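Here the structure comes first, spelled out in C-alpha cells, and everything after it is commentary.
Only the coordinates and a few stated rules stand behind these numbers; no lab work does. Treat the numbers as computed from the prediction; the structure is a model and nothing was measured. Don't worry about glycine lacking a Cβ; one is built from the backbone with ideal geometry, like all the others, and counts go over all protein chains shown.
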C-alpha cells in the first residue's frame, strides 16, 4: 500500500519538477497546421518556493492515504477494542508514511507561498489579497467604511406636497 | 522415345503415377515398347479431352460419371474426353487411400487440371495447324514445358501453368481476365487471385523467389500453441513511466494552449477547477440530492458481516451512530467506510485468534 503510494507520488512528482515540452504558437492569432506551431522545452516549472512543493506532495498523499490513516487511528483511540487489536493498529500506522498525516499540511498562499497571514476563503496571503483588491479584481470586495455611509438607501417621502 | 515416358510418370504426384501405371496395365492395345510413347501421349490427350468435357460441368464435387466419355471403344480419344480407365483408376486409388468422396473428387480435379494445361499448350503449339502426326510431338513439346514446371514446383497450382502458356487478357485495373474454364471450388478469393498472376518465362527467371502462399488464418490443423483459457488469463502490462511520458508528449502535440484568458477559464471550468457561475455550493454533488435522509440516518443494515456480540459490535455501532450524524459524507462514502472496517476485521481475525484475545 505504501509502495504503491510512493510510486504514484513519483509519477505525480515528476509533473511538479521535471521538464516538459510546451507547444506554443509561433505567432499570436489563428494557428493552422503544425508549421505554425513551435515547441519549446520548459526547463522547470517555476514555483515560488520549494516548501510549496513539499506541501503539495503532502496534500496529494493525504488525498490518497488519509482515509486509511483516519480509520486505523479510530481503532487506536478508544477503550472498547481489545489491546491486541490496538497494538496491531499501532504498528500499522507506524509503517505509514509521515506525509500522509493531515496535520502536516499547512495552508500557504497560492501565489507567493507565504505561510502566515493567510485568508482561507481566498487562499491568499494578506499582501497579495490587498494587491488584487486594490485593482478591483476581487468580486464583492470593497474598502471598509462604516458610520453615515448613505447605504442602505433611504428614500425620504414627503408627508406634505406643498 | 521412352525418355518422355519416364519423366511423365515420375514427376506427377504419386497418385497420378499409380493411375497411369494402372492405366497401362489395363490398356490392351499398347503392349509393345514401340508404342509406349504413343500411349502416354494419348493419355495426355485424354487429359486434354477431360478439360474440354468439363467446360459444361457445373462447379462442385466432381464425380467419375461426369468425366466418362460418351462413346467408348477407341483407344485414342477425341478432343475433350478422358479415358474411363483413368477415371476407374482414380476411383480405385481414392478407395484405397480412404477419405471417400472428397479424395475422389480431388483426384479427378487433378486430372482435369492436367488436361487443361496440356490442352492449352497443345492449342498454342498447334495454332499454325500442323498435321496430326506431328501434333503428338508438339503436344509432347508443350508437355515438356509444363512438365518442367511440374518438376520445378509440385506445389504450384495448375492455374499458373495454364496462364503462362496461353495469352492473357489484361484488364485495365491489373487483374487478368480469366479464360472460360470451370475452376475447382476455390477456397477464398486470395488464392484465386494468386493463381491468376502471370509469371516470367523460365529463361528470365533468375532467382527462384518463394511464392507467398496466402493461406487463410482459420483453416488447417491447429498447432495448439495458444489455448483460449490461457490467452484469456493474460493481463496486459501496466503502462510504465516511459509510456505515460510518451503519451503526454503526444497529447501536447495535439492540445493547443489556450489563446486567451477566456479559453483558459473555459478549460478550467470543464475540468472542474473553476466554479460554475452562479455558484452552487453543491457543485459536484448533484446526485446526492436524490438520496433521501432515511438512507443517511438508518444505517443498521450496514452492520451485516460483523459479529453479533462483543467489543467489535460495540465499536461498529458507535461508528454507525457517528455516520448517521455526518452531513458531509455521501452515502457511497459512508458505505465504503463501513466496508473498510469489515474487511479489516476479517483480515485480522486469524491473527487475533492466534494471540488469544478474540474469543467469539
Zone reached by a paramagnetic label modelled 7 Å from residue B:308 Cα along Cα→Cβ, restricted to region B:331-360 with backbone N below 14 Å, covers B:360
Which order do the peptides A:82-93, A:134-145, A:46-57 come out in when sorted by mean C-beta neighbours inside 10 angstrom, highest first? A:82-93, A:46-57, A:134-145
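For region A:67-135, what does the convex hull of the Cα positions come to per residue, in cubic angstrom? Don't skip to the answer; put the middle values down first.
On the way: hull volume 7.3 nm³, N = 69.
With only Cα atoms used, region A:67-135 gives 106 Å³ per residue.
From the Cα gyration tensor of region A:101-162, with a ≥ b ≥ c the square roots of its eigenvalues, which class applies: rounded if a/c is under 1.5, or else prolate if a/b is larger than b/c, or else oblate? Working shown, then result.
On the way: a/c = 4.99, a/b = 3.34, b/c = 1.50.
Taking the square roots of the gyration eigenvalues as a ≥ b ≥ c, region A:101-162 is prolate.
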Percent of Cα pairs exceeding the 16 Å cut-off, where the set is region A:98-137: 40
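Using Stokes-Einstein with the Kirkwood hydrodynamic radius over Cα pairs, what translational diffusion coefficient do you get for region B:209-360 at 10 °C and a viscosity of 1.306 mPa s, in µm²/s rounded to a whole number? Can you show the working numbers first?
Values: Rh = 23.0 Å.
Answer, rounded: 69 µm²/s.
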Spin-label model distance (nm) - residue A:110 vs residue B:297, 7 Å beyond Cα toward Cβ: 3.7
Label-point separation, residue B:92 to residue B:263 (7 Å along Cα→Cβ), nm: 8.7
Cα-based radius of gyration of region A:37-162 once divided by 2.2 N^0.38 Å, which approximates compact folds: 1.88
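At a Förster radius of 41 Å, what calculated FRET efficiency corresponds to the Cβ-Cβ distance of residue A:160 and residue A:133, to the nearest 0.05? Could the numbers behind the result be given before it?
On the way: r = 46 Å, r/R0 = 1.12.
The computed FRET efficiency comes out at 0.35.
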Obtain the nm distance between the two label points defined at residue B:321 and residue B:340 by a simple spin-label model: each point lies 7 Å from its Cα along the Cα-to-C-beta direction. 2.2
